[in-house]
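K.L.:
Have a look at this one.
The values are calculated or read from the model by the stated rules, or taken from the named source; none is laboratory data. Since the structure is predicted, the reported quantities are computational estimates derived from the model, not experimental observations. Cβ coordinates were reconstructed from backbone atoms using ideal geometry, including for glycine residues, and neighbour counts include every protein chain displayed. To get the accessible areas, we keep the full protein, side chains included, count just its heavy atoms, and leave off ligands, DNA and RNA. Shrake-Rupley method; radii C 1.70, N 1.55, O 1.52, S 1.80 Å.
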Amino acid sequence: MYRLMKEMNIPKMSTIKPPTFKLKTPENQTFENKLAQNFNVPAPNQVWVCDFTYVKVGQRFGYICVIMDLYARKVISYKISNHINTDSAIKTLQSAVKSRKISKGILFHTDRGSQFTAYDFRKLIDSLHIVQSFSAKVHPYDSAVIECFFKYLKKEELNRRSFSSIQQLNLSLVKYIDGFYNPIRPHSHNNGLSPNQMESLFFN
């Protein structure tokens, strides 16, 4: 099962639980955790997870927003911005919707960051008939799958390079995500298949 992974000298991509941190809940708002760590889903476009990570770019940071389809652990959209903000989250979601043939009722899971709880973002979610889910308070394990992706993105690509511009960072992401992770990288969740291969089996 893992012969290809051994030949490529890459580690098993398993879910790594991130360290505990505190989350602030905005006043007069409640957030339901509908995912509840149910990371194994039966088909594509049923559960998407989303989060931000950051990378040093020159003397500043570039913030990467990623959306992953949990079925095959496929990255379906990513955007880079100079700030973690609602606009970046909106653009990443719009890109994901454009690239996938989705139906009503997709579960969209994130943490409780202000970019995901903002009025404009939740308005977009409602207009797309997407069901929003949030990590439990002080319980980051609900985002363990996408945190695991960020770990290997940095270990296998980003931490090996230095970036002086957002354009350089974007080229590195395209190389890793579109050129390696989605089409080639074996994933333990997919029994050694890449995300693209796993999805192809479902649709074929």
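K.L.:
For the full complex of protein chains and a 1.4 angstrom probe, list K137, K98, K154 by accessible area with the highest value first.
P.N.:
Order by accessible area, largest first: K98, K137, K154.
K.L.:
Which FRET efficiency value, to the nearest 0.05, do you get for L171 and N38 by plugging their Cβ-Cβ distance into 1/(1 + (r/R0)^6) with R0 = 30 Å?
P.N.:
Between L171 and N38 the formula returns 0.25.
K.L.:
Something else now. In Å², what does the accessible area per residue of the range 63-204 work out to with a 1.4 Å probe?
P.N.:
So the range 63-204 comes to 45 Å² accessible per residue, rounded to a whole number.
K.L.:
Once amide H atoms are placed 1.01 Å from N in the peptide plane, what residues at a sequence separation of 5 or more from I76, or on another chain, have their amide H within under 5 Å of its amide H?
P.N.:
For I76, the qualifying residues are I67, M68, D69.
K.L.:
Given axes a ≥ b ≥ c from the Cα gyration tensor, I'd like to know whether the range 60-154 is rounded (a/c under 1.5), prolate (a/b larger than b/c) or oblate.
P.N.:
Note, shape of the range 60-154 comes out rounded.
K.L.:
Here is a further query. Skipping prolines and chain starts, which residues have an amide H placed within reach, meaning under 5 Å, of the one on H109, given they are 5 or more residues away or on another chain?
P.N.:
Amide H to amide H, under 5 Å and 5 or more residues apart or across chains, H109 pairs with W48, V49, C50, S133.
K.L.:
Pull up all non-local amide H partners of L193: gap of 5 or more, or a different chain, and H-to-H distance under 5 Å with H placed in the peptide plane.
P.N.:
The answer is H187.
K.L.:
Quick check on my link table: of K79/K151; K91/K137; K101/K155; K91/K175, which ones sit more than 23 Å apart, alpha carbon to alpha carbon?
P.N.:
The answer is K91/K137; K101/K155.
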